[in-house]
Amino acid sequence: MNRNLMLKFLACLSLAFTLSACSVNPVSGTPDLVFMSESAEIKKGKEMHEQILKSMPIYQDEALSKYINDIGQKLAAKSHRPDITYHFTIIDAPDINAFALPGGYIYINRGILAYLESEAQLAAILAHEIAHVTARHVVRQDAARKGASALSVATTITTGSATVGDVANMWGEAAVSGYGRDMELEADGLGAEYLYNSGYAPEAMIDTIGVLKDQEKFARYRTKEEGKKAKSYHGVFSTHPRNDTRLKEIIAKAGTLPEDKTNHQNQETFREKTQGMVFGVNYQAQLAQKEEDKQRYFHNKLGFSVLFPPEWQVRNTRNAIVSEAQDKSAMMSLYVARRPKDQSPEQYLRSVTGGQLVTKQEGFKQFNQLVYTGLMEAKEQETPQRVAVIYQGGKAFYLKGEVVNSQEGTEYDELFMGAIRSFRPESSARSNRKSKTIHYVKANDKTTFEALAKHINLGAYTVQYLRLINGMYPRGEPEPGQWIKIVK
């Protein structure tokens, strides 16, 4: 084939590929170079959602969940993609975050709800996340071409890290760190439009950003006091000030509702739905989970728990904790040692296996633990052994799963990996602690946050937390007759 024919062939091939990969963006109406159809996007979102339900705690409050779903569905109906099915879920976590996954799956952390003042602010957060879905921000990023496993996404969101192993993918990282300034601004503008179309004042978007900026300001204060790394909602607000001219222009384009039409602040309803909501760590949920996990093995002294395969018998030996199938077909052994100072989990795994060949290796992070696992050929067994190292604090756990007498129809490696993925830290000291909850009271002429802090224990930063949850950070004080939140 001569050079001209080759160039024509490549041009045609490129055009064919481009046409097959393009679709119309639901927001702009212009061609959008993406590598995923809408049906594939929804399928991927469903897959991720199912894994998140297994991997992350869901807040159990039927009335609050319905309230958030009703608001979300109202906003979604006024969006650029009203025909897909939207799902709204409250994650039972104290962190300040909300995120969207492909295909209409929206999540909001319980933690962020405590710092909002009205239904309009709640609607602003939901509208912003809906906008990420309608603008297909997830599938417009380059990393979307590579795909991502649902478990990787859940791990990234759970740990707040996308730096270990295969969790460094776009979907999980975007849920933690945001989509970049341009896409976040687009989501603010679209979200403001959805607010306006649903009867909420678009300015609620700026008010909500103010709430989040106060969190960032407090995080910087704590960082200075404690020398720790600050965390911020969606990661982009350090370059996204509430008085940003570009932001105000984008929000203003949505329109301005007349005074008599702005009827969705609904502060009273918002107070009613969030009264009694857990603030901080949900210790009761942790205890309930322990009671539900009848098969989960807890080791209070070593501070961990693991879910061995159903009906396997567990026994403590002098050197290891051993779990064995009732038919003696397979077993798992768990060993513990002091974590080596200068070895990665991969290096430690190589040392404890005596340098034997380990295949299908992968490293990841779960529950703030470093994990490295793989398959090791065993001379006397037909089936490779599953081996894993888990670093938790100053301890190194080595898990080995081996098949002694393989039974047809049993996926042993799935059982082994299920146990490894279930391994998590436990604190027996926390089990008897009582969760703190949000309550609303009216301030009087003697009410100050310093005075309230004498009767409310939220640690070293009680005054700051009280101001944050009441939208008065850093120096505000309540007015007599004003509804304020307290924690008890």
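The values are calculated or read from the model by the stated rules, or taken from the named source; none is laboratory data. Computed from a predicted structure; not experimentally measured. So basically every Cβ, Gly included, is an ideal-geometry build from the backbone, and we count neighbours across all protein chains shown. Please note that ligands, DNA and RNA were not included when accessible areas were found on the heavy atoms of the full protein model with its side chains. Shrake-Rupley method; radii C 1.70, N 1.55, O 1.52, S 1.80 Å.
Need one word for region 316-472: rounded, prolate or oblate. Basis is the Cα gyration tensor (sqrt eigenvalues a ≥ b ≥ c); a/c below 1.5 gives rounded, then a/b vs b/c decides. Spell out each step's value before the answer.
Details: a/c = 3.52, a/b = 2.72, b/c = 1.30.
Here region 316-472 falls in the prolate category.
So, for region 402-488, what is the accessible surface per residue at a probe of 1.4 Å, expressed in square angstrom? Intermediate values should be presented prior to the final figure.
Numbers: 4990 Å² over 87 residues.
About 57 Å² of surface per residue is accessible.
Residue separation times 0.36 nm, minus the C-alpha to C-alpha distance between Asp445 and Thr269: what's the value? Intermediate values should be presented prior to the final figure.
Working: separation 176, 0.36 × 176 = 63.36 nm, distance 2.54 nm.
Taking Asp445 through Thr269 to full extension adds about 60.8 nm, to one decimal.
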For Ser344 and Lys253, extending 7 Å from Cα along the Cα-Cβ vector and measuring point to point gives, in nm, a value of 4.5
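Assuming a ≥ b ≥ c are the square roots of the Cα gyration tensor eigenvalues, decide whether region 31-94 counts as rounded (a/c under 1.5), prolate (otherwise, with a/b larger than b/c) or oblate. Mind showing how you got there, number by number?
Working: a/c = 3.00, a/b = 1.38, b/c = 2.17.
Verdict is oblate for region 31-94.
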Of Ala100, Ala76, Ile112, whose Cα points farthest to the positive end of the dipole of region 61-131 (charges on the beta-carbon: +1 Lys, Arg; -1 Asp, Glu; origin at the Cα centre)? Ala76
I need the phi-derived Karplus couplings for region 469-478: 6.51 cos²θ - 1.76 cosθ + 1.60, θ = phi - 60°, integer Hz, Gly and Pro marked x. 6, 9, x, 10, 6, x, 10, x, 9, x
What are the ³J(HN,Hα) values, in whole Hz, obtained from phi via the Karplus relation 6.51 cos²θ - 1.76 cosθ + 1.60 with θ = phi - 60°, for each residue of region 217-224 in sequence order, with x given for Gly and Pro? 5, 5, 4, 5, 4, 5, 4, 5
For Lys301, which aspartates and glutamates qualify as cross-link partners when the Cα separation must be under 18 Å and same-chain residues fewer than eight apart are set aside? Glu426
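With a ≥ b ≥ c taken as the square roots of the eigenvalues of the C-alpha gyration tensor of region 265-374, please select rounded if a/c is under 1.5 and otherwise prolate if a/b is larger than b/c or oblate if it is not? Don't jump to the answer; show the numbers that get you there.
Working: a/c = 2.79, a/b = 1.79, b/c = 1.56.
Because a/c hits 1.5 or more and a/b exceeds b/c, region 265-374 counts as prolate.
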Residues in region 391-419 that a label on Glu311 would reach, taking backbone N under 12 Å of a point 7 Å out along Cα→Cβ: none
At 1.4 Å probe size, what's the solvent-accessible area of Lys395? Round to the nearest 10 Å². 60
Kindly write out, for region 70-82 in residue order, the coupling ³J(HN,Hα) from the Karplus curve 6.51 cos²θ - 1.76 cosθ + 1.60 (θ = phi - 60°), rounded to whole Hz, with x marking Gly and Pro. 4, 5, x, 5, 4, 5, 4, 5, 9, 8, 7, 10, x
Of all the accessible heavy-atom surface of region 353-488, with the other protein chains kept in place and a 1.4 Å probe, what percent is carbon and sulfur? 46
